[in-house]
Amino acid sequence: MQHKKLYIETYGCQMNFSDSEIVASIMAGDHYTMTEQAKDANVILINTCSIRDNAEQRVWKRLRELKSLKKKHSDVQIGVIGCMAERFKEAMLEMQPEVDFIAGPDAYRSLPELIAASTAGQQTANVMLSEEETYDDIQPVRLHSNGVSAFISIMRGCENFCAYCVVPFTRGKERSRNPQTILREATDLFNNGYREITLLGQNVNSYHWNQDDGTVIRFPQLISMVAAIDPLLRIRFTTSHPKDLSDDLIQAIAQHRNICRSIHLAVQSGSNRILQKMNRKYTREYYLERIHAIRTAIPDCAISTDIIAGFCDETEQDHQDTLSLMREVRFDYAFMFKYSERPDTIAAKKFDDNVPDEVKSRRLEEIIALQQELSLQSNKNDVGKVVEVLVEGNSRKSAAQIMGRDSRNKVVVFDSQELKTGDYADVRITRCTSATLIGDEL
Ligand code: 5AD
Ligand code: SF4
């Protein structure tokens, strides 16, 4: 049997990276092995993101580049998969003649047939969304892995319908994966030397699995079960919606030392008027109360967030409310974006994208500048403390330096001769930048 070569390029969120690992596994079943070089591949897959217009623009640009490769190697099959495939559907095949086939996020099992048809000269598409598909029987091929950290996808889809967001349209209905298959995958990873698992879902807090005996497993229970695999296995999770961040989850984190002290809780805006318009289903006061609950139960917990600047009708006062909320929470880290209108969303249908681009940019810059101050302050507060670091490898700057993360997901760099990837080390922090803690091994 001759092995064919597969090249995958992934854009977007961690869920997409996790999906590429599922795709690699499905393709391995059809006798494909991975290559790092697009030019050596028989099949090229571009796993795409639609979250903001600039994410899509990057993919269009990349597809134009691949056109010349296709001219040189006319037998290479190029497929677009993921959120853009779902959003544009068959129209994508017309827009990009060099695209041979497309597959949406729930159609990856059909990739071998799509590729067979396109090899026979037929452009093909499968963009059916599913209410059941969780790929739970598929063992992902770990791509670009450091051998220490891995993702496990525990649920798919989203039904929150935040007004700005395209995800409910590209990834379909919410569904949870069988917990037994999650536990098996986590145990296998641990036995293969992995020490950190991130449980992934668009909204992990609404995870629920109905068992045959009539009982329900929810996220706090699931994460506790994964944490019980071994104290040396660290557990992270992302992402949670503030409206579903329960006291039970906070308690589960507090009770397990190996569930990481790091919660990503996207706030999006600090203004109640904008939160309501965004259909976020919580208020600024509710969000601050959740932060208070986290800090009371888990005093050393890092809190990170997502913020959107310049949503429809956002006034200067709304923007100031976002800045003041940031100061009040003192986020350790944030992902910050300019609002980008997405076709089909509630906001695109009902509201005017009326904040001028230069105003969006200026507000975003102010948000980024403030976050940089907050991150630096948060890191300065760590100088003198001892943190437990999971070693991920050598630092980018020097082979004698080790890079890892502490439980709060802060990057820590220190000198060491003996430590290996996957070891734990206690490190005393001596200095910092806004992005990195630097210290000495104890
Ligand atoms: N424009 C800008 N940012 C967006 N996000 C989601 N949709 C949009 C959009 N249309 C951001 C949100 C979300 C993160 C994954 O991306 O902050 O939490
Ligand atoms: Fe991930 Fe959303 Fe981008 Fe799809 S659109 S890849 S779900 S971030």
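Structure above, values below:
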read-out: Residue that is over 22 Å from N258 (Cα atoms) and of a type in the set (S, T, Y), where the choices are S407, S375; value: S375
read-out: Some residue of region 161-180 being away from ligand 1 (no atom under 16 Å from the Cβ) and without any contact (Cβ under 8 Å) to a residue 24 or more places away in the chain; value: yes
read-out: Those helices (runs of 4 or more DSSP H) lying entirely in region 30-100 with at least 2 residues under 19 Å from R342 (Cα atoms) and within 16 Å of ligand 2 (Cβ to nearest atom); value: 53-72, 83-88
read-out: Any chance E86 is surrounded by fewer than 20 Cβ atoms within 10 Å (Cβ to Cβ), closer than 21 Å to T124 by Cβ and modelled with pLDDT of 95 or more; value: no
read-out: Within region 300-344, tally of residues that are crowded, with 20+ Cβ neighbours inside 10 Å, under 26 Å from the mean Cα position of the chain (by Cα), within 15 Å of ligand 1 (Cβ to nearest atom) and part of a loop (DSSP other than H, G, I, E, B); value: 5
read-out: Failed condition for L364, given (1) within 26 Å of S434 (Cβ to Cβ); (2) more than 12 Å from ligand 1 (Cβ to nearest atom); value: (2)
read-out: Region 107-162 - residue that is of a type in the set (S, T, Y) and closer than 22 Å to R234 by Cβ and, of those, modelled with the lowest pLDDT; value: S145
read-out: Scope region 262-293; condition surrounded by fewer than 21 Cβ atoms within 10 Å (Cβ to Cβ) and basic (K, R); matching residues; value: R273, K281, R284
read-out: Criterion (surrounded by 14 or more Cβ atoms within 10 Å (Cβ to Cβ) and at pLDDT below 95) met by exactly one of L6, L66, L45; value: L66
read-out: Helices (runs of 4 or more DSSP H) wholly inside region 214-291 containing at least 3 residues that are out of contact with any strand residue (DSSP E or B) (no Cβ under 9 Å at 6 or more places or on another chain); value: 247-255, 272-277
read-out: Selection within region 370-384 - closer than 20 Å to V427 by Cα, in contact (Cβ under 8 Å) with a residue 12 or more places away in the chain and not β-branched (V, I, T); value: S375, L376, Q377, S378, N379, K380, D382, G384
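Rundown of residues vs (1) surrounded by fewer than 18 Cβ atoms within 10 Å (Cβ to Cβ); (2) among the aliphatic types (A, V, I, L, M), yes/no style:
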residue: Q139; (1), (2): yes, no
residue: L143; (1), (2): yes, yes
residue: Y164; (1), (2): no, no
residue: Q180; (1), (2): yes, no
residue: R195; (1), (2): no, no
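Quick grid of which residues meet (1) polar (S, T, N, Q); (2) more than 18 Å from E21 (Cβ to Cβ); (3) more than 16 Å from ligand 1 (Cβ to nearest atom); (4) in contact with a strand residue (DSSP E or B) (Cβ under 9 Å, 6 or more places away or on another chain):
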position: I81; (1), (2), (3), (4): no, no, yes, yes
position: D100; (1), (2), (3), (4): no, yes, yes, yes
position: S118; (1), (2), (3), (4): yes, yes, yes, yes
position: G121; (1), (2), (3), (4): no, yes, yes, no
position: A125; (1), (2), (3), (4): no, yes, yes, yes
position: E131; (1), (2), (3), (4): no, yes, yes, yes
position: R142; (1), (2), (3), (4): no, no, yes, yes
position: N146; (1), (2), (3), (4): yes, no, yes, yes
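The values are calculated or read from the model by the stated rules, or taken from the named source; none is laboratory data. Just so we're clear, the structure is a prediction, and the values are computed from it rather than from any experiment. Here Cβ is always computed from backbone atoms with ideal geometry, including for glycine, and neighbour counts include all displayed protein chains.
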